[in-house]
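The values are calculated or read from the model by the stated rules, or taken from the named source; none is laboratory data. As the structure is a prediction and not an experimental result, all values here were calculated from the model. Because the Cβ atoms are built from the backbone with ideal geometry, glycine has one as well, and the counts that use them run over all protein chains shown. For accessibility, only protein heavy atoms count, side chains too; no ligands or nucleic acids. Shrake-Rupley method; radii C 1.70, N 1.55, O 1.52, S 1.80 Å.
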Amino acid sequence: MIGQLKYEEVDAVSNVLKKEASIIQELIKDRNIQELADFVATVEGYSKYLDTTVEMNKDADKALQELANKNK
């Protein structure tokens, strides 16, 4: 878990952000709307951050579980 969210919930949020950012990017690709393009890039970056956070937390959970098993 990350905070009070399950990993699957965080993954779902990340996937929605990626999908919506992709849609917006497609809509603005031939237009000069730099502020919106910057915002979309920020959303994509946050989605990647969420993915990385989930992976790091899963790895930490595994490491902690291995340590707990060794101490039994």
**Q.** Of the criteria (1) over 13 Å from Leu17 (Cβ atoms); (2) in a helix (DSSP H, G or I), which one Tyr49 fails
**A.** (1)
Q: Would you mind stating whether Glu20 is open to solvent by 70 Å² or more (accessible area, probe 1.4 Å) and not aromatic (Phe, Trp, Tyr)?
A: yes
Q | Subset of the range 60-72 that is in a helix (DSSP H, G or I) and either of a type in the set (D, E, K, R) or touching a His at 6+ places or on another chain (Cβ under 6 Å) (or both) - its residue that is least open to solvent (accessible area, probe 1.4 Å) | A | Asp61
Q: Can you work out which of the residues in the range 29-59 that are more than 20 Å from Val13 (Cβ to Cβ) and not acidic (Asp, Glu) is least open to solvent (accessible area, probe 1.4 Å)?
A: Ala37
